[in-house]
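A.B. asks: What follows is a single structure, and I will ask about it in a moment.
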Amino acid sequence: MSKQYSQVKIRYNTDSNGHDQCWRLILDGDEVLVESVQIDAPVCTSRDWIESVGKFKHHISVSDCHVSIDKEGTALITTKG
């Protein structure tokens, strides 16, 4: 998978066993689980209120970026290009 996104949020997957699918990527609102994440782009932190769990969730966020996910589940996030 390889696609341009306006907003990517990265969050630890608390449902992971610590070895598989450890990261949640929220790609313009759609969630994908991946094994690891490499970022070569400016980042900031953000938080969102998640109504379904009744608390804030914190993210590493990247705007206007390109995301590639290989078959092993490694995500590469780079600047818009």
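A.B. asks: Hey, what did the chain get for relative contact order, percent, Cα under 8 Å, at least 6 apart? Could the numbers behind the result be given before it?
C.D. replies: Working: 179 pairs, mean separation 28.3, N = 81.
Once normalised by length, the contact order is 35 percent.
A.B. asks: Trypsin sites (Lys or Arg not before Pro), restricted to the stretch 17-81: which are DSSP loop and have at most 15 other Cβ atoms within 10 Å?
C.D. replies: Working: sites: Arg24, Arg47, Lys55, Lys57, Lys71, Lys80; in loops: Lys71, Lys80.
Passing both the DSSP loop test and the Cβ count: Lys71, Lys80.
A.B. asks: Further question: Report the gain in length on full extension from Val53 to Ser68: 0.36 nm times residue separation, minus Cα-Cα distance, nm rounded to one decimal. Write down the numbers at each step before the final one.
C.D. replies: Values: separation 15, 0.36 × 15 = 5.40 nm, distance 2.94 nm.
That pair, Val53 and Ser68, stretches by 2.5 nm at full extension.
A.B. asks: Rounding to the nearest 20 debye, state how big the charge dipole of the chain is about its Cα centre with +1 on each Lys and Arg Cβ and -1 on each Asp and Glu Cβ. Please list the in-between numbers first.
C.D. replies: Working: 9 positive and 12 negative charges, 51 e Å.
In total the dipole reaches around 240 debye.
A.B. asks: While we're looking at this one, here's another question. Sticking with the crude label model, points 7 Å out along Cα→Cβ, report the distance from Gln38 to Ser2 in nm, one decimal please.
C.D. replies: Those two pseudo-labels are separated by 1.4 nm.
A.B. asks: Could you point to the label whose value was computed as Kirkwood radius over Cα pairs in Å for the structure here, given [x] 13.3; [y] 12.9; [z] 13.7?
C.D. replies: [y]
Each value in this text was obtained by applying a stated rule to the coordinates, not by laboratory testing. Predicted model, so just to flag it, every value in this text is computed and none were measured. Glycine also receives a Cβ, built like all others from the backbone with ideal geometry; neighbour counts cover every protein chain displayed.
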